Amino acid sequence: MIVEAVMFAQAGGQDAAEKFANATSSGIALGAIYALLALGLVLIYKATQVLNFAHGAIAALGAFFAAYLATVVNFPGRYVSFLPITLQWILSALVAVLITAVIGLVLERLAIRPMIGEPLFSVVMITIALDIVIRTITDDLIGTTPRPLGDPWGAGHLAIGPISPAKTEVATLIVTILTLIGIALFFRSRYGVAMRATAFDQEAAMAQGISAGRVFAMAWAIGAGLAALAGIFSSVYPRSALGVSGTTAFFAFRALPAIVIGGLDSITGAVLGGFIVGLAETFAGVYLTGATWSFLGVGFAGVMPYIVMLVVLLIRPYGLFGTEEIRRV
Amino acid sequence: MRNRPRLFVTYSSEMALLPTWTQKTAAAIFLGILVIIPFGVIPGLGFLADNDWLTILSRVAVYAIGALGLHILSGLAGQVSLGHAFFVGVGAYTAVILGGEASRTLWGLALPIWIWLPASGLVAALVGALIAPAAVRVRGIYLAIVTLGLVFIGEWIFRSAVAMTGGAQAGREFPAFAFRFWKEETPLIDFSADGSWFGIEMTSEAKTYLLLLVFLVVAIIVAKNIQRTRIGRAFMSIRDRDIAAEVMGVADTRSKVIAFALSSAFAGMAGALLGAFLGRLVPEGFSLLMSIQFVAILLIGGLGTVSGTLLGAAFVIILPRLVQDFTGLLASTVESGTGFFSTVSGVFVSTGLEDPGIVSTLPGTSPGLNVFQLNLVLYGLLLIGFLIFEPLGLYGIWIRIRNYWKAWPFTY
């Protein structure tokens, strides 16, 4: 599809090139959100062998906390009112991420820890059940209308050469890059090494004195925090101009194709898969519209990630970077 | 033999549908009760003859038929599927294209029920068999995500194929339950209108309930028979240890494809029945939530058993009604004055904007969950509770009760 878009751009001249560049930039920004979600999912999966279907609900909950802190209670802004507005909002968002990380800890302890070693079906279902509970409570907290997040960037756009990304998109990309660097540094730290060791071989790690339970808790806390971050950025202007609403939780289901494309147990794959899914969805939204494509109906861009996933899986059943399961008799 | 209930001297008697006399009598009594429910003659269960309860019981029957399909795929063959709603949708829309009325914008052939009902199962099975070879390439958690993708893609197809489905939010009318030989004006047997059968005045709800009960019994017998024949044993061997099964000569891919096809056939017929029973379906109905509902039926009832599946279907479908009645009761105790119970329910129920509580009885923005949300939360919490504390589900609870009474008054 990218090739097709390039050809289209050459034929159409400057306007088409600009359209393509803008689609690419917003695709990368969307991909950054998916990459954050996918990163959290893969961290949790690698550490605990649990695929967290409740990720979207946790993301929406985090976005709700950010909206509530920033617009209703003005925390911590009310104590640091001398700081610039942008910094105050960032602080509220950070507090929201921390609260969500703590909720991730609690969820792991209450619902996931008892399920370690249970059959796959039960573990899948327990996260789905968590998704139902958290999503319903979040919906109720949000109320009937979407809640604006009160971010300082609003609907502003920048002009960088031919592209004009929204300010929030630039912020998303910067935050994602910072997060990726942070995660990479974390993996070099004492706790990160413990987590990698546990993911690699749980028994050997425990024999070395690593507490597997603490690693599980850490993975869920980080995963939930990343989900909240992604939830916040998926509830601001271009994604959802009105703020966090009931649909925010469903948004995160599209990160599942991202991690499948990358391979469930590969961090690199998750990030790459996130960007692939983001670009595919944006290009489908930009180019597959109009009279020629009207047979596709509404909302085709939303199913594009799943179609890409099916195609990748048909070629590589364990994703691009996933380790193939070795079957021994 | 009467004193040795577990002694089987022939293979066929051990593999019988109902191997013991106790089971035969219990099944007969239970079926008898189910049949006479709509006549309201059972003391204590008379309220079940009300039309709204009959509707709920009919819905239980439809969902049980669909869940029996998932039981074959997930319970017997051990394949995690979140895509059951897609096959239910395929069946429903096959039924409506064959049996529905055509209009300027909609397709419909207005064929009789004996064509559209089997056809909906067949087409769904065909679609299942087409998708299965791709799905069985992936295993475990990958399969769960692929089937999840199937639901989202399916929902989009249903929303886009306006000529078949009536389009998003609008939906379309489904054929009613009525038996015709061909397209004659007055049906031979009309299940969707009140009338008398053999001199007994019956409502349309009662007729529909009895019809669906017959379908359910047939579905149970088919599912049970699948379980105890060669293919069912192949499914179970793949579930328990797929490599060992392959070594023993069970064709892995072929069995999984058959499991998908059989499961989709049940799902498709359940979809057709659901459409005819509800009268109108919107494409958004075949969503992830419906798939989850089927999986929840299996897990709450007890994975891998037919009786567990039936128990689960009854539990999951009746629960919303019980929650609704319970909140109604709480709200009425709050309103009806003072006393201990009124105070207790006052803590739970929110009756206005300023009154905090878990459940709200007012529509709109009052604090607290509304009845629908409370339902969803309870449903999720129940699933979590069952998975953590009773992985065998309701069936497991029943087994424990039975074993306790078997040795009564001794505990061993």
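Coordinate-derived values only; no laboratory data. This one's a predicted model, so the numbers in the text were calculated from it and none came from an experiment. Methodologically, a virtual Cβ is constructed for each residue, glycine included, from the backbone with ideal geometry; neighbour enumeration extends over all protein chains shown.
Of all the residues in region A:150-193, those that are touching a residue at least 24 places away in the same chain (Cβ under 8 Å), more than 20 Å from the chain's Cα centre (by Cα) and within 30 Å of A:PHE216 (Cβ to Cβ) number 1. Of the residues making up region B:161-171, those that are in contact with a Phe, Trp or Tyr (Cβ under 9 Å, 6 or more places away or on another chain) and assigned to a helix (DSSP H, G or I) number 3. Looking at A:ILE126, is it in contact with a helix residue (DSSP H, G or I) (Cβ under 7 Å, 6 or more places away or on another chain), under 29 Å from A:THR144 (Cβ atoms) and among the β-branched types (Val, Ile, Thr)? So A:ILE126 does not fit the description; no. Among residues of region B:24-47 that are free of Cβ contacts under 8 Å to residues at least 40 places away in the same chain, those with a beta-carbon under 6 Å from a residue that is part of a loop (DSSP other than H, G, I, E, B) at least six positions away or on a different chain give the pairs B:LYS24/B:LEU18; B:ALA27/B:LEU18; B:GLY46/B:GLY40. Within region B:94-108, not a single residue is over 17 Å from the mean Cα position of the chain (by Cα), within 14 Å of chain A (Cβ to nearest Cβ), in a loop (DSSP other than H, G, I, E, B) and surrounded by fewer than 24 Cβ atoms within 10 Å (Cβ to Cβ). Applying the criterion of at least 3 residues that are within 10 Å of chain B (Cβ to nearest Cβ) and closer than 30 Å to A:ASP15 by Cβ to the helices (runs of 4 or more DSSP H) found wholly in region A:244-329 leaves A:300-315. On the stretch given as region B:74-93, residues that are in a helix (DSSP H, G or I), in contact with a Phe, Trp or Tyr (Cβ under 7 Å, 6 or more places away or on another chain) and within 14 Å of chain A (Cβ to nearest Cβ) total 5. Here is a check on your reading of the model: is A:ARG254 in contact (Cβ under 8 Å) with a residue 12 or more places away in the chain, crowded, with 21+ Cβ neighbours inside 10 Å and charged (D, E, K, R)? Yes: the conditions hold for A:ARG254.
Pairs linking a residue in region A:51-72 that is among the polar types (S, T, N, Q) to a residue that is part of a helix (DSSP H, G or I), with Cβ atoms under 7 Å and 6 or more positions apart or on different chains, are A:ASN52/A:LEU41; A:ASN52/A:ILE44; A:ASN52/A:THR127; A:ASN52/A:GLY223. Any idea which residue in region A:138-149 is nearest to the other protein chains (Cβ to nearest Cβ), counting only those that are in contact (Cβ under 8 Å) with a residue 24 or more places away in the chain and under 12 Å from B:LEU376 (Cβ atoms)? Filtering region A:138-149 for residues that are in contact (Cβ under 8 Å) with a residue 24 or more places away in the chain and under 12 Å from B:LEU376 (Cβ atoms), the one nearest to the other protein chains (Cβ to nearest Cβ) comes out as A:ASP139. Residues in region A:69-97 that are of a type in the set (Gly, Ala, Ser) and crowded, with 16+ Cβ neighbours inside 10 Å: A:ALA70, A:GLY77, A:SER92, A:ALA93, A:ALA96.
Note on region A:63-120: residues that are under 16 Å from A:VAL50 (Cα atoms), part of a helix (DSSP H, G or I) and either within 14 Å of chain B (Cβ to nearest Cβ) or of a type in the set (Phe, Trp, Tyr) (or both) total 11. Each residue in region B:291-337 was checked for being farther than 30 Å from B:GLY78 by Cα and β-branched (Val, Ile, Thr), and 4 of them qualify. Residue under question is B:ILE221, and the condition is that it be more than 14 Å from every other protein chain (Cβ to nearest Cβ), surrounded by fewer than 16 Cβ atoms within 10 Å (Cβ to Cβ) and either β-branched (Val, Ile, Thr) or at positive phi (or both); does it hold? It is true that B:ILE221 is more than 14 Å from every other protein chain (Cβ to nearest Cβ), surrounded by fewer than 16 Cβ atoms within 10 Å (Cβ to Cβ) and either β-branched (Val, Ile, Thr) or at positive phi (or both).
For the criterion of being over 19 Å from the mean Cα position of the chain (by Cα) and on the phi > 0 side of the Ramachandran plot, A:GLY243 fails.
Sort out which residues of region B:130-160 are in a loop (DSSP other than H, G, I, E, B) and either buried (at least 19 other Cβ atoms within 10 Å of the Cβ) or in contact with a Phe, Trp or Tyr (Cβ under 8 Å, 6 or more places away or on another chain) (or both), and write them in order of number.
Those that are in a loop (DSSP other than H, G, I, E, B) and either buried (at least 19 other Cβ atoms within 10 Å of the Cβ) or in contact with a Phe, Trp or Tyr (Cβ under 8 Å, 6 or more places away or on another chain) (or both): B:VAL136, B:VAL138.
Selection of region B:278-309 for residues being in a helix (DSSP H, G or I), surrounded by fewer than 23 Cβ atoms within 10 Å (Cβ to Cβ) and more than 14 Å from chain A (Cβ to nearest Cβ) yields B:LEU278, B:GLY285, B:SER307.
Only a single criterion out of (1) among the small types (Gly, Ala, Ser); (2) outside any helix (DSSP H, G or I); (3) surrounded by fewer than 16 Cβ atoms within 10 Å (Cβ to Cβ) is not satisfied by A:GLY150, namely (3). A single entry from B:GLY46, B:GLY32 fulfils the requirement of being surrounded by fewer than 12 Cβ atoms within 10 Å (Cβ to Cβ), small (Gly, Ala, Ser), over 26 Å from B:GLY232 (Cβ atoms) and out of contact with any helix residue (DSSP H, G or I) (no Cβ under 7 Å at 6 or more places or on another chain): B:GLY32. Take the conditions (1) surrounded by fewer than 17 Cβ atoms within 10 Å (Cβ to Cβ); (2) touching a residue at least 24 places away in the same chain (Cβ under 8 Å); (3) of a type in the set (Asp, Glu); B:ASP190 misses just one of them, which is (2). Determine, yes or no, whether B:GLY268 is among the small types (Gly, Ala, Ser) and part of a helix (DSSP H, G or I). Here the answer is yes, as B:GLY268 does meet what is asked. Among the residues of region B:171-178, at least one is crowded, with 18+ Cβ neighbours inside 10 Å, away from chain A (no Cβ under 14 Å), within 25 Å of the chain's Cα centre (by Cα) and basic (Lys, Arg). Does B:SER287 satisfy the condition of being among the polar types (S, T, N, Q) and under 14 Å from B:GLY393 (Cβ atoms)? No; evaluated as a whole, the condition is false for this residue. For region A:156-165, indicate whether the set of residues that are in contact with a Gly (Cβ under 8 Å, 6 or more places away or on another chain) and not hydroxyl-bearing (Ser, Thr, Tyr) is non-empty. No, because not a single residue in region A:156-165 is in contact with a Gly (Cβ under 8 Å, 6 or more places away or on another chain) and not hydroxyl-bearing (Ser, Thr, Tyr).
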